[in-house]
1. In the stretch 257-341, which helices (runs of 4 or more DSSP H) lie fully inside it and hold 2 or more residues that are in contact (Cβ under 8 Å) with a residue 24 or more places away in the chain, closer than 30 Å to Glu6 by Cα and hydrophobic (A, V, I, L, M, F, W, C)?
2. Would you point out the residue of the stretch 219-254, among those that are of a type in the set (Asp, Glu) and assigned to a strand (DSSP E or B), that is surrounded by the fewest Cβ atoms within 10 Å (Cβ to Cβ)?
3. If we scan the stretch 14-21, do we find a residue that is touching an Asp or Glu at 6+ places or on another chain (Cβ under 6 Å), in the same structural domain as Asp307 (by TED's automatic domain parsing) and surrounded by 15 or more Cβ atoms within 10 Å (Cβ to Cβ)?
4. So, in the stretch 121-149, exactly how many residues are farther than 16 Å from Pro179 by Cβ and of a type in the set (A, V, I, L, M)?
5. Checking Gly145 against (1) within 19 Å of the chain's Cα centre (by Cα); (2) surrounded by fewer than 18 Cβ atoms within 10 Å (Cβ to Cβ); (3) in contact (Cβ under 8 Å) with a residue 60 or more places away in the chain, which test does it fail?
6. Just give me the residues in the stretch 103-125 being in a loop (DSSP other than H, G, I, E, B) and either modelled with pLDDT under 95 or in contact with a His (Cβ under 9 Å, 6 or more places away or on another chain) (or both), in sequence order.
7. Kindly establish whether Glu187 is closer than 24 Å to Asp141 by Cβ, of a type in the set (D, E, K, R) and modelled with pLDDT of 95 or more.
8. For Pro76, all conditions in the list (1) more than 16 Å from Tyr309 (Cα to Cα); (2) buried (at least 20 other Cβ atoms within 10 Å of the Cβ); (3) in contact with a Gly (Cβ under 8 Å, 6 or more places away or on another chain) hold save one; what is the number of the exception?
Amino acid sequence: MTRKYEVGVVGCGSIARERHILALQANPRVSLSTVYDHNWPNAEKAAEDHDILNVYDDYEAFLASDLDLVTISTPPFTHAKYSIRALETDTNVLCEKPMAVELEDAEDMVTAAEESNAELGIVHNFLYSRSVRKARQLVRDGSFGEIRYVKGIQFSSPRRDLPSWYTDLPGGLFFDESPHLLYLIEEFIGGLDVVNATSQKNPGDGQPLNSVTATFEGTEDRQGQLSMIFDAPLSEWFFVICGTKRLAVVDIFRDIIVHVGQEEEHSPLEVLQTSISGLGQFGYGMVKSGIHTLQGDLFFGFETVLDQYLNSIESSASPPVTPEQGYTILQGSHSVLNEIK
């Protein structure tokens, strides 16, 4: 008989409500029995909205409630303290990105995991979304040929719902959201060495940067580029993969991939065929993502991260995203910020 894990959620903000709680409740291998938030009304509302039995605003009491696993979706500057304390009680931890704000805190998390009987995993969820898993499979199959270049592009509108704490982070939204694009870049070029970085500063209040652009060097002469625009008219995220034999564009928000093979002569007929193929793939992706949205289970890879993380606990194997991998991405964010100072 498959073991069922008792799970608690730490932090009851939007990521917890829209992703963690729903994905946990949809997984038959876990029982979501408990939520914690330092702000009691937040915890109480999450519990009421999702029929969760136990509610805490005392973290020690929460950890003492006989949990096998906690997921952490609090603001980044609290990730380290919540993760380390849970690991000290031998409670497994699945922590949102970025794993911490300061590199020293991330190092302490790695040490705590090494000294614990529990496992620390980091949530790099888009690596496991349907579209990116398809892209990774195409790479493994050799369909791309040699990867030459990738680019992560984020257009972010200041009019969307933003967390109240983002201005407390280095670089504001850059620090909270760049890890998503950085771990995708690192996955496909095999490294994350910063070649150069530039930014446009915001002289006003709020988000301190209007844009950030950075170039990275990977293995085998591969290059990656990050472009983040924080004063765009709307919010869209894309990821482009260019190989010698195939080009792909991932629409991250809609979890859709469109990929086309090498052209022969760029004739009008060939351009039309490429357009038809792209439209067909995008339309099919819209239908699939639309169905998942209506079903309430479009979790952008978190459900797969969770399942693989549970497998790693059961088999005493490495989690799908290790603390060391989380640390590498955190270093990447700091390296870009250091370059643009």
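1. Where helices (runs of 4 or more DSSP H) fall fully within the stretch 257-341 and carry at least 2 residues being in contact (Cβ under 8 Å) with a residue 24 or more places away in the chain, closer than 30 Å to Glu6 by Cα and hydrophobic (A, V, I, L, M, F, W, C), they are 302-315, 323-340.
2. The extreme case among them is Glu236.
3. no
4. 4
5. (1)
6. The answer is His124, and nothing else.
7. In short, yes.
8. Here Pro76 meets the rest and fails (3).
The values are calculated or read from the model by the stated rules, or taken from the named source; none is laboratory data. Predicted model only: the values in this text are computed from it and were never measured. We place every Cβ from the backbone using ideal geometry, glycine too, and count neighbours over all the protein chains shown.
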